[in-house]
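The values are calculated or read from the model by the stated rules, or taken from the named source; none is laboratory data. Predicted, not measured: the structure shown is a model, and the values here were computed from it. Counting neighbours? That spans all protein chains shown, and the Cβs are built from the backbone with ideal geometry, glycine included.
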Amino acid sequence: MQAFLTTLIMVGIMLLMAIPGYILIKTKAIKPDSISAFSKVLMFVCQPALTIYSFNKADFTKELGINLLIFFGIITAVQLIFIGFFYLIFRKKMEDINYRITTIATTLSNCSFLGVPLLEAIFPNSPNVAAYSMMYFLSMNLLGWTLVSAIITRDKKYISVKSMIINPALLSMVVALPLFFTGFKISAVNGQFLGQLENMINILGKMTTPLCMLVMGMRLATIKFKNLFTNWMQYFAVGINQIMFPLFVLGILYLLNVDKELMLCMYIMCACPIASVVQNYAEILGEGQATAANMVLLGSMCSIVTLPVLALLI
């Protein structure tokens, strides 16, 4: 019951963060054309900072290192299975951008922007949970900058080693992982400069959730509210992503008999609403923005019910 209440409160507060973004667009203080710029700040600045922040909190051990690799392998595999399955189902309708966005929205979860603060609230005494969330986000972004981008644009140029290597998620890992493995902390303990650097990284990293919700609120202000509730595709994506996907993953993890902390972290992150990066990729790539926004917004609204209920299972 404590997990239920914590999750309900966290999701409710996060949804409230979207209100200022909505007001800024409606009052014309910010133009809709600027939304993609905010998405780029989120993806290229705040998210890398969150990655470094998360690994800077955790303490490396051999057991944790092995569990992170296991986590990465499992979550990558199940995401590929779901994306591939729904791509095959909709393969004859892929000319329609709505079906392409639906294909990826069934799988990608808000494991980072929402997952990190949620995990820290549910497991306040475990510094490792943030590291698990970053392995999830790394997996999702490796797929995002390659397979997902190729599906959205129908352009195979994104399926390349270059796209896989040169992206914000992996580049931030290049900085974070060596520090994590060696046990070196960006902290005031190692000097005043590093102390100030840690503060900067923490502030930028913790900006991901409010900025993510602000972008969501901005996009909500540009669409007709009734469109959130009148398209079957949106309900389909939310149902698959926020109910079927986490339950499928939970079943797989039980069968594999993995570490309990690993299992609970992955399950909670999979139960998070449709990833805001679905909208961010659509904004950056310039296709399907309205459809992506509708699915992310509906998913976030529904998560105030789905997430706390699924959290009861832990």
- Query: Can you name the residue in the range 72-128 that is charged (D, E, K, R) and not in a helix (DSSP H, G or I) and, of all such residues, is farthest from V238 (Cα to Cα)?
  - Reply: E95
- For Y99, work out the one condition from (1) more than 17 Å from I151 (Cβ to Cβ); (2) hydroxyl-bearing (S, T, Y); (3) out of contact with any Ser or Thr (no Cβ under 8 Å at 6 or more places or on another chain) it doesn't fulfil. (1)
- Name the single residue, out of those in the range 189-231 being of a type outside the set (V, I, T) and within 27 Å of L313 (Cβ to Cβ), that is nearest to the chain's Cα centre (by Cα). C212
- Item | Hits in the range 229-255 (condition: exposed (fewer than 15 other Cβ atoms within 10 Å of the Cβ) and within 26 Å of T146 (Cβ to Cβ)) | M244
- Query: Assuming L197 fulfils every condition listed in (1) closer than 27 Å to P273 by Cα; (2) assigned to a helix (DSSP H, G or I) apart from one, which condition is it?
  - Reply: (1)
- In the range 51-66, which residues are in contact with a Phe, Trp or Tyr (Cβ under 8 Å, 6 or more places away or on another chain), in a helix (DSSP H, G or I) and either buried (at least 17 other Cβ atoms within 10 Å of the Cβ) or aliphatic (A, V, I, L, M) (or both)? T51, F55, N56
- Task: Could you tell me whether any residue of the range 211-220 is surrounded by 13 or more Cβ atoms within 10 Å (Cβ to Cβ), under 12 Å from Y53 (Cβ atoms) and of a type in the set (G, A, S)?
- Result: no
- Subset of the range 67-81, residues closer than 15 Å to I240 by Cα and either in contact with a Phe, Trp or Tyr (Cβ under 6 Å, 6 or more places away or on another chain) or surrounded by fewer than 17 Cβ atoms within 10 Å (Cβ to Cβ) (or both), comes to L80, I81
- Please determine, by comparing only the residues of the range 152-192 that are in a helix (DSSP H, G or I), exposed (fewer than 12 other Cβ atoms within 10 Å of the Cβ) and aliphatic (A, V, I, L, M), which one is modelled with the lowest pLDDT. V161
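From the list I240, I314, exactly one residue is out of contact with any helix residue (DSSP H, G or I) (no Cβ under 7 Å at 6 or more places or on another chain) and of a type in the set (V, I, T). Which is it?
Step by step, each of I240, I314 is checked, and only I240 is out of contact with any helix residue (DSSP H, G or I) (no Cβ under 7 Å at 6 or more places or on another chain) and of a type in the set (V, I, T).
Each row is one residue, and each column tells you yes or no for (1) over 25 Å from Y158 (Cβ atoms); (2) buried (at least 24 other Cβ atoms within 10 Å of the Cβ); (3) aliphatic (A, V, I, L, M).
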position: F225; (1), (2), (3): yes, no, no
position: V258; (1), (2), (3): yes, no, yes
position: A290; (1), (2), (3): no, no, yes
position: N294; (1), (2), (3): no, yes, no
position: I304; (1), (2), (3): yes, no, yes
- Note on the structure: Y53 meets each of (1) over 21 Å from V129 (Cα atoms); (2) touching a Gly at 6+ places or on another chain (Cβ under 7 Å); (3) of a type in the set (F, W, Y) with one exception, condition (1)
- The condition from (1) without any contact (Cβ under 8 Å) to a residue 40 or more places away in the chain; (2) on the phi > 0 side of the Ramachandran plot that G183 misses is numbered (1)
